[in-house]
Amino acid sequence: MNSLIERHETAIDDATAELTLDHWIDGAHAEPASGERFETIDPAATVPITTVASGTAADIDDAVEAASAAADGEWGDTTARERAALISDWMDVCREHVDELARLESLDVGKPLAFARDEVEEALEFFEYYASVAQAGHGEQIPVGAENHVYTREEPYGVAGQILPWNYPLSLAGWKVGAALAAGNTVVAKPSEQAPCTITRLAQLSAGILPDGVFNVVNGFGEDAGAPLTEHSGVDKLSFTGSVPVGQQVMKAAADDITPVTLELGGKSPYVVFPDADLEAAAETAAAGIYYNTGQSCDACSRILVHEDVADEFTDLFLDAAEYWQPGDPLVDGTTMGPLTFADQYEKVDDYVEIGQEEGATLLAGGEPPAAEALESGWFYEPTVFGDVDNDSRLAQEEVFGPVQCLITFESYEEAIELANDVPYGLASGVATQDASLAHRAAADIEAGSVWINEYHGGGVGIPFGGYKKSGIGRECARETLGEYTQTKAINVALDEPEL
């Protein structure tokens, strides 16, 4: 038998020996109302990991009812300091399970194990960051004159419905669940059916710490569980990370009850390489920007705009840098790129490679699964590079969400900025230059929520993240995120003339 499959089957047996992936509702395991379950698949070995509860509207109703009761009851009565203490206790328990969570995430999504561990630890940092920042939150007093005392209160919405993605399951739980709970809301989360393991396990680790009903998880498919969550009249705030088409559906569903939404959607992010850049460093940075997580990142650096004077040299350097990112078994130390997470995503990437060639782009590297026999079992794909890409082509305009890079040349600063902005997205971007003035000017002119200078993926705890244009609404990861989960109440008190 393939050694990769043997290794993964052993890891799966160890990871699931005591794991049950039911829903988590009102502080306890909850079997699906329908009695239906589905398999979650290891993308490297393409074998089942375990079965998962398949949710429906009935399960969403139960979860929202539990969350609402907690919001109106014990959780609603807590102070920010008390919530922070409970979240900290929960994170202490989670830290005892980092290795378990990292292995589950690696098996479920296909991430290299070392990367999964880093992401788990960062997710826990987000929970603690929000809890800490929320303690410093306060309203403000507004001076309006001697006859009135005006002040504001920041109050939670109540029940937050959150639909979480499959590419960074636990990381995005830290971004969303952490902020919502710290601000005083309760949560009903719907993980992606492609990656339910770690979020469900995260909820289980809250047992006996968070009050019942504070954090609820309903697994299942979008049409069966996700849609009922976004349409539920008992949900007071919605947050979604995923594709633009599904984001549009979430907005339409939210419109019926005027439910506020936070959306983090797609991207087709540029990395602009000016002629004075350190080309070797820029090539390595851009390669990491597209091939980390096998290109399955909304903010992936998926278009390189390089000045024509250095295009040939940069292309050679980029092809060399791409060699570092090679498919391999996610459970083996030193692996830099795992498989694509599921079969449909593999087919989508392969289709776009064909589209790119039909459009006249030059395939410079990759474009097919790896030849290694040991990797035949999974949805692996080689790091792929296209040159001579037209920025108006589908390859340059549409989100591939895989390890596919586009090289596009420009002649002038004005053309570089025009090309950078000439997509429907505006999530992230990068600039490579040694000219500080040029860097600041480009950062101001590029239409994106993040601009990274001489680096990529330079975000982290406390740094706002979100998109322009079709890339979304709202900001996550930072202090201002708590404002996404609170509403401001103004209180105006008439002051009588004092009589002594």
So GLY366 clears everything in (1) of a type outside the set (Ser, Thr, Tyr); (2) under 26 Å from PRO330 (Cβ atoms); (3) open to solvent by less than 50 Å² (accessible area, probe 1.4 Å); (4) within 26 Å of the chain's Cα centre (by Cα) except one condition, right? Which one? (4)
What number of residues in the range 361-393 are among the aliphatic types (A, V, I, L, M), in a loop (DSSP other than H, G, I, E, B) and touching a strand residue (DSSP E or B) at 6+ places or on another chain (Cβ under 6 Å)? 2
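Return the only residue of GLU264, GLU280 being among the acidic types (Asp, Glu) and either within 29 Å of ASP108 (Cβ to Cβ) or open to solvent by less than 30 Å² (accessible area, probe 1.4 Å) (or both). Steps first, please.
On the way: GLU280 fails: either within 29 Å of ASP108 (Cβ to Cβ) or open to solvent by less than 30 Å² (accessible area, probe 1.4 Å) (or both).
Result of the check over GLU264, GLU280: GLU264.
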Could you check PRO403 against (1) within 30 Å of ALA45 (Cβ to Cβ); (2) surrounded by fewer than 19 Cβ atoms within 10 Å (Cβ to Cβ) and say which number it fails? (2)
Which of the numbered conditions does LEU331 fail, given that it passes all the others? Conditions: (1) in contact with a helix residue (DSSP H, G or I) (Cβ under 8 Å, 6 or more places away or on another chain); (2) part of a loop (DSSP other than H, G, I, E, B); (3) surrounded by 24 or more Cβ atoms within 10 Å (Cβ to Cβ). (3)
With the range 50-153 as the region, which helices (runs of 4 or more DSSP H) entirely inside it contain at least 1 residues that are among the basic types (Lys, Arg) and at pLDDT 95 or above? 80-95, 98-109, 113-135
Would you point out the residue of the range 452-472, among those that are assigned to a strand (DSSP E or B), among the hydrophobic types (A, V, I, L, M, F, W, C) and more than 14 Å from the chain's Cα centre (by Cα), that is nearest to GLY161 (Cα to Cα)? TRP452
For the list (1) open to solvent by 10 Å² or more (accessible area, probe 1.4 Å); (2) among the aromatic types (Phe, Trp, Tyr); (3) over 20 Å from PRO245 (Cα atoms), I need the number of the one condition that PHE386 fails. (1)
Tell me, which residue of the range 1-28 that is in contact with an Asp or Glu (Cβ under 8 Å, 6 or more places away or on another chain), hydrophobic (A, V, I, L, M, F, W, C) and buried (at least 17 other Cβ atoms within 10 Å of the Cβ) is nearest to PRO191 (Cα to Cα)? ILE25
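The values are calculated or read from the model by the stated rules, or taken from the named source; none is laboratory data. Keep in mind that this is a model prediction, so the values were computed, not measured. Note that we place each Cβ from the backbone using ideal geometry, even for glycine, and neighbour counts take in every protein chain shown. With ligands, DNA and RNA removed, areas are computed over all heavy atoms of the protein, side chains included. Shrake-Rupley method; radii C 1.70, N 1.55, O 1.52, S 1.80 Å.
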